[in-house]
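Q: Supplied in structure tokens, the structure appears directly below.
The values are calculated or read from the model by the stated rules, or taken from the named source; none is laboratory data. Bear in mind that the values here come from a model prediction, so they are computed numbers and not experimental data. Neighbour counts are summed over all protein chains in view; Cβ atoms, including those assigned to glycine, are modelled from backbone coordinates with ideal geometry.
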Amino acid sequence: MSRPLNNEPSFIEAASQRRPFSVEGHTFSAAPAEPGLHITATPIGNLGDITLRALQTLAGVDVILCEDTRVTRKLTQRYGITTPLQPYHEHNAAKVRPGILSRLEEGAAIALVSDAGTPLISDPGYKLVREAREQGLRIHAVPGASAVLAGLSIAGLPSDSFLFAGFLPAKSGERTRRLADLAEVPATVILFEAPQRLLATLSAIAEVMGEREITVTRELTKLHEECLSGTAADLAAQFGDRASIKGEITLLISPPDRDQHEDLSEEALDAELACALKTMSPSRAAAHVAETLRLPRKRVYARAMALRDGDGGPHQE
């Protein structure tokens, strides 16, 4: 259904407002984007993975909000897009967000992009989207590339149910506790990780989760794309042999074994743990006993900590 005639621009006006973009040397034009906030996915590596709708949107909006203008400019220059770029990242978001919301209220069309992939997935934007919704402003989804789904599609792990858990905590104790929580999730767990922390994370997964099947994807869609599978210990050995580890990493962990014997008595569990705690740390003892008895690792880890601290069992050094 067309807009009322008194609000509809003439053909000449509409044509003059169209903005160019180019693909492989061919020039196209985009109509002005609809008012509102356009959450626009961009490529995670290969710039050819941009969608036609994303190009039309980026060319047609009034401004593009981006984490790093230098990164986004590589994309806009590749496709001949001249829309102004404005920084929007964790360091300036609180300061500039009110102005962005005011422009949206005035009828502006604004795109939000991240450096790579789908905005808000471990990237800035959540508070902006939430406040825009609370104010009744229009929000448009312009879907596209995502390292989460790209990694899941090639990992060979169960894809009917998965949990994206973002980045693990940097501190070892917090990381171990987070992994203990994730260990019992009945789905494939997907994480992002920094290359300099990959070995520590794989070691922690081996300690807390045991012999899970793990897939590490690195540099997805880029020239040196890599997808390796094995246990956490196996992968740690492979990456440990390298002089350095670089690139964007997505890490996928298989679900726990569903055939678990939950009816084991506390006494029997305590006996196994007491033996293991004589030579192992609580987290390693929990992983070992849980794997041996096919029990939920979260339950076993909690009991191991209780025994270590003297709550219900002998203190173990």
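Q: Would you confirm whether any residue within region 185-195 is out of contact with any Gly (no Cβ under 7 Å at 6 or more places or on another chain), loosely packed, with under 15 Cβ neighbours inside 10 Å and of a type in the set (S, T, N, Q)?
A: No, region 185-195 contains no residue that is out of contact with any Gly (no Cβ under 7 Å at 6 or more places or on another chain), loosely packed, with under 15 Cβ neighbours inside 10 Å and of a type in the set (S, T, N, Q).
Q: Has region 206-222 got at least one residue that is over 19 Å from Leu293 (Cβ atoms) and either in the same structural domain as Leu293 (by TED's automatic domain parsing) or surrounded by fewer than 16 Cβ atoms within 10 Å (Cβ to Cβ) (or both)? Talk me through it step by step, then tell me what you get.
A: Our first condition is that a residue be over 19 Å from Leu293 (Cβ atoms); within region 206-222, this holds for 213-222.
Filter once more, so that each one left must be either in the same structural domain as Leu293 (by TED's automatic domain parsing) or surrounded by fewer than 16 Cβ atoms within 10 Å (Cβ to Cβ) (or both): 222.
Scanning region 206-222 turns up at least one residue that is over 19 Å from Leu293 (Cβ atoms) and either in the same structural domain as Leu293 (by TED's automatic domain parsing) or surrounded by fewer than 16 Cβ atoms within 10 Å (Cβ to Cβ) (or both).
Q: Give region 197-240 a look and list any residue that's touching a residue at least 24 places away in the same chain (Cβ under 8 Å), touching a Leu at 6+ places or on another chain (Cβ under 9 Å), under 30 Å from Ile50 (Cα atoms) and of a type outside the set (Lys, Arg), or say none.
A: Those that are touching a residue at least 24 places away in the same chain (Cβ under 8 Å), touching a Leu at 6+ places or on another chain (Cβ under 9 Å), under 30 Å from Ile50 (Cα atoms) and of a type outside the set (Lys, Arg): Leu198, Ile214, Thr215, Val216, Thr217, Cys227, Ser229.
Q: Checking Ala290 against (1) farther than 30 Å from Ile50 by Cβ; (2) surrounded by fewer than 21 Cβ atoms within 10 Å (Cβ to Cβ); (3) in contact (Cβ under 8 Å) with a residue 12 or more places away in the chain, only one condition comes out false. Which one?
A: Exception for Ala290: condition (2).
Q: If we scan region 143-153, do we find a residue that is within 16 Å of Val216 (Cα to Cα) and loosely packed, with under 15 Cβ neighbours inside 10 Å?
A: Checked against the condition, which is being within 16 Å of Val216 (Cα to Cα) and loosely packed, with under 15 Cβ neighbours inside 10 Å, region 143-153 yields at least one hit.
Q: Out of the residues in region 276-300 meeting the condition of being more than 11 Å from Glu207 (Cα to Cα) and hydroxyl-bearing (Ser, Thr, Tyr), tell me which one is nearest to the chain's Cα centre (by Cα).
A: Result: Thr292.
Q: Kindly establish whether Arg303 is surrounded by 19 or more Cβ atoms within 10 Å (Cβ to Cβ), within 15 Å of Leu182 (Cβ to Cβ) and basic (Lys, Arg).
A: Values: surrounded by 19 or more Cβ atoms within 10 Å (Cβ to Cβ): yes; within 15 Å of Leu182 (Cβ to Cβ): no; basic (Lys, Arg): yes.
No; evaluated as a whole, the condition is false for this residue.
Q: In addition: If the requirement is being modelled with pLDDT under 90 and not in a loop (DSSP other than H, G, I, E, B), which of these qualifies: Arg258, Arg299? I'd like the intermediate steps shown before the answer.
A: Working: Arg258 fails: not in a loop (DSSP other than H, G, I, E, B).
Of Arg258, Arg299, the one residue that is modelled with pLDDT under 90 and not in a loop (DSSP other than H, G, I, E, B) is Arg299.
Every residue, every condition in (1) in contact with a Pro (Cβ under 9 Å, 6 or more places away or on another chain); (2) among the small types (Gly, Ala, Ser); (3) at pLDDT below 95; (4) crowded, with 19+ Cβ neighbours inside 10 Å, yes or no:
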{"position": "Ile100", "(1), (2), (3), (4)": "no, no, no, yes"}
{"position": "Ser114", "(1), (2), (3), (4)": "yes, yes, no, yes"}
{"position": "Pro119", "(1), (2), (3), (4)": "no, no, no, yes"}
{"position": "Gly136", "(1), (2), (3), (4)": "no, yes, no, no"}
{"position": "Pro158", "(1), (2), (3), (4)": "yes, no, yes, no"}
{"position": "Ser161", "(1), (2), (3), (4)": "yes, yes, yes, no"}
{"position": "Leu168", "(1), (2), (3), (4)": "no, no, no, yes"}
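Q: Among the numbered conditions (1) within 19 Å of Lys222 (Cβ to Cβ); (2) free of Cβ contacts under 8 Å to residues at least 60 places away in the same chain; (3) surrounded by fewer than 17 Cβ atoms within 10 Å (Cβ to Cβ), tell me where Pro87 comes up short.
A: For Pro87, the failing item is (1).
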